[in-house]
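The values are calculated or read from the model by the stated rules, or taken from the named source; none is laboratory data. Every value quoted in this text rests on a predicted model; they were computed, and no experiment measured them. Positions of Cβ are generated from backbone atoms using ideal geometry, with glycine treated the same way; all protein chains shown enter the neighbour counts.
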Amino acid sequence: MTTEPPTSAVLVSPVVGMPEVRAGDDLAALVAEHATDLRDGDIVVVSSKVVSKAEGRVVTGDRAAAVEAETVRVVAERGTTRIVQTRHGFVMAAAGVDTSNVATGSVVLLPVDPDASARALRRGLARRRGVTVGVIVTDTFGRPWRLGQTDLAVGAAGVRVLDDYRGRRDVHGNELVVTAPALADELASAADLVKGKLGQVPVAVVRGLAALVTSDDGPGVQALVRSAEDDLFRLGSREAARQALRPAPRELVDGTVDPVALQRAFEAVAETETPWWGLVRVHDVPARKPLLDALSLPASLPALVVPYLRPNAPTPAALLDLGGVRERLVLACAVEGLATRWFPAERLDVAALMTLLPSRDVEPVGLLAIGAAAETRA
């Protein structure tokens, strides 16, 4: 458990008078020269733009090309607006590429490693001023579901970036199970109130939160980047639809499958049977085993589906209809991260299939195997 920051006054002060930063400038020397009252326990908050300028991350060229080069993955796009993931793991508009406060025809890219930049600045300030401070590097982000932008941390050193309250109890004795304030982001936003966007004030100093400053550099902002597995909003709505329309994974592997995900997939074809055809879902393990063995499929596969035609079904029309339902189930499985593989009836032991069907006068069309995918799609 970490120590709760003291409830006391917090002072956020702009560092004024800094000159235009250029490639190769010693940023630590500039900050040390103009932040004349730095003390142990202060937190220095620096806009990423001046870090990028000092590190030579200003390039001449087309903004769209720069965004493309800095993009690892497109999350959502509408017209010319692109929300993308950068190599750092940040999800932001235009990959953080900026054309403000820079000469016409030039663009500013994010630092290659903002955490490393924060560490270097912290070391430089310690050498020049003999103080132990925290450093936050910031950039401007939009927010889902909210208008406007705010500054968030993209790099950090010597600062607790997150305070995990899980397991603590509030004043009423209730256990906290998810609360974890993003301290680095809160510091970034507070500093932006005095730095602003138009006054060429790229640095601020936060005083009164020395409890957040650590002796070591710490994990940096990378500790705040949510993993893909935990990201509930990994794609925009249109992009999610496009993703679902890609070919479904076909390589089935021996692995566990979330039964809830499997049930959701089957709900996509619930109540779709007609007088022409039907579906049999094979749950029973003894019934599945001979089929799985014959097809060299993993024994852990949780579901087999056998589509069949009823007597006197108009064959072309019924097969077209049934094929559409099968593809709907395949798509639903793909959305849930499940793999599917289709085996036409001519490749199967029809006599074995018949034992699974509701009557002897129906005709099996094939078998759809459903299970764990070889790899989870992004």
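Observations
- Of the criteria (1) buried (at least 19 other Cβ atoms within 10 Å of the Cβ); (2) touching a strand residue (DSSP E or B) at 6+ places or on another chain (Cβ under 7 Å), which one P344 fails: (1)
- Scan of the stretch 183-211 for residues that are surrounded by fewer than 17 Cβ atoms within 10 Å (Cβ to Cβ), assigned to a loop (DSSP other than H, G, I, E, B) and at pLDDT 95 or above, ordered by number: G208
- Residue match in the stretch 94-101 (condition: surrounded by fewer than 15 Cβ atoms within 10 Å (Cβ to Cβ), closer than 24 Å to D231 by Cβ and not hydroxyl-bearing (S, T, Y)): no
- Taken over the stretch 291-301, the criterion of being over 20 Å from E363 (Cβ atoms) and surrounded by fewer than 17 Cβ atoms within 10 Å (Cβ to Cβ) is satisfied by D293, S296, P298, A299, S300.
- Qualifying position, being of a type in the set (A, V, I, L, M), out of contact with any helix residue (DSSP H, G or I) (no Cβ under 6 Å at 6 or more places or on another chain) and surrounded by fewer than 16 Cβ atoms within 10 Å (Cβ to Cβ), among A66, A35, A29: A29
- Looking only at the stretch 353-370, and only at residues there that are more than 45 Å from the chain's Cα centre (by Cα) and among the aliphatic types (A, V, I, L, M), the one that is modelled with the highest pLDDT: V362
- Restricting the search to strands (runs of 3 or more DSSP E) fully inside the stretch 287-378 and requiring at least 2 residues that are more than 22 Å from E271 (Cβ to Cβ) and among the polar types (S, T, N, Q) gives an empty result.
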